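Remarks on the structure that follows.
Just so it is clear, none of the values below were taken in a lab; they were calculated from the coordinates. Note that the coordinates shown come from a computational prediction; the quantities given were computed from them, not determined experimentally. Virtual Cβ from ideal backbone geometry, glycine too; neighbours counted across all protein chains shown.
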């Protein structure tokens with residue numbers, strides 16, 4: 001049994017084996033944060049409020065032992081060690097997208113922390129190409145933790161960390177404020193300066209970009225028994 005892993009389902013089903021790998025509490029969220037790219041231990045701890053250093057160490061140890069994560073030094077920063085997903089580990093992204101589409105419809109869904117990685121994966125998941133048509137643009141999203149480059153071209157959207165100097169518009173704010181701007185009912189013009197949000201560049205292009213994302217309606221609650 002890999003280090004840091006307490007138990008196994010001992011089931012030959014591949015889905016059960018996947019749960020052996022990533023089913024422990026916090027494991028999937030650690031993987032989610034690593035979707036941004038190499039992260040230091042302190043970066044991961046900061047982006048996951050409520051996670052203790054001891055549990056993070058256990059999860060990283062297990063994810064390394066199971067070939068999902070690898071640890072390496074940063075050549076440009078001597079003495080700094082980072083964690084990153086392996087190529088196979090990164091293949092889990094469609095699982096996050098499927099869980100996101102399903103979970104966002106939960107009638108019990110509430111609030112909580114919202115990280116830059118959450119924002120990035122949310123945009124990749126909730127983008128509606130039918131609303132985009134043939135519109136093209138480059139949008140920068142600056143969260144204070146990272147800069148995300150969103151490129152829309154012929155109804156295909158890519159969102160990843162990157163340089164945003166050439167963006168048509170740049171939205172700056174904490175991830176929750178950016179999420180409100182994209183998924184909320186208020187216009188960007190109303191939100192600027194009122195919700196920790198700044199917009200530089202073409203406000204019209206930024207607004208059209210935000211209008212290309214729609215959250216599905218929540219699933220109905222089952223009737224309560226009498």
| query | Between (i) 19.2, 66; (ii) 27.5, 95; (iii) 16.3, 49, which matches Rg and Dmax of the Cα atoms in Å calculated for the structure shown? | reply | (i)
| Spin-label model distance (nm) - residue 28 vs residue 88, 7 Å beyond Cα toward Cβ | 2.1
| note | Length-normalised contact order of the chain, Cα under 8 Å, at least 6 apart, in percent, tallies to 15
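Could you list 134, 93 in order of exposure, starting from the residue whose Cβ has the fewest other Cβ atoms within 10 Å? Could the numbers behind the result be given before it?
Working: 134 8, 93 16.
The most exposed by this proxy come first: 134, 93.
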| request: Sort 136, 106 so the one with the fewest other Cβ atoms within 10 Å of its own Cβ comes first. | output: 106, 136
| note | Ordered by fewest other Cβ atoms within 10 Å, a rough proxy for footprinting exposure, 9, 83, 183 read 9, 183, 83
| request: Given the options 143, 125, 86, state which has the largest fluctuation in a GNM of the chain using a 10 Å cut-off (strictly under) for Cα springs. | output: 86
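By average Cβ neighbour count within 10 Å, what is the ranking of 59-72, 144-157 from highest down?
Values: 59-72: 18.4, 144-157: 16.9.
Descending mean neighbour count gives 59-72, 144-157.
Tell me, what is the Rg over Rh of region 114-226, with Rh the Kirkwood radius over Cα pairs?
Values: Rg = 15.0 Å, Rh = 14.5 Å.
Over the Cα atoms of region 114-226, Rg/Rh equals 1.03.
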| said: Helix 116-126 against the longest principal axis of the chain: what's the angle in degrees, Cα atoms only, rounded to the nearest 10? | reply: 70
| field | Computed [θ] at 222 nm, deg cm²/dmol, the chain (DSSP H ≥ 4; -39,500 (n - 2.57); rounded to nearest 500) | value | -10500 deg cm²/dmol
| task | Give the angle, between 0 and 90 degrees and rounded to the nearest 10, that separates the Cα long axis of helix 93-103 from the longest principal axis of the Cα atoms of the chain. | result | 70
| If each of residue 217 and residue 95 carries a label point 7 Å out from its Cα toward its Cβ, how far apart are those two points in nm? | 3.2
| task | Using only Cα atoms, tell me the angle between helix 53-65 and the longest principal axis of the chain; keep it within 0 to 90° and round to the nearest 10. | result | 80
| message | Restricted to Cα positions, what overall size does region 14-91 have along the principal axes? Three whole-Å values, descending. | response | 40, 28, 19
| How many angstrom separate the Cα center of region 177-219 from the Cα center of region 103-119? | 17
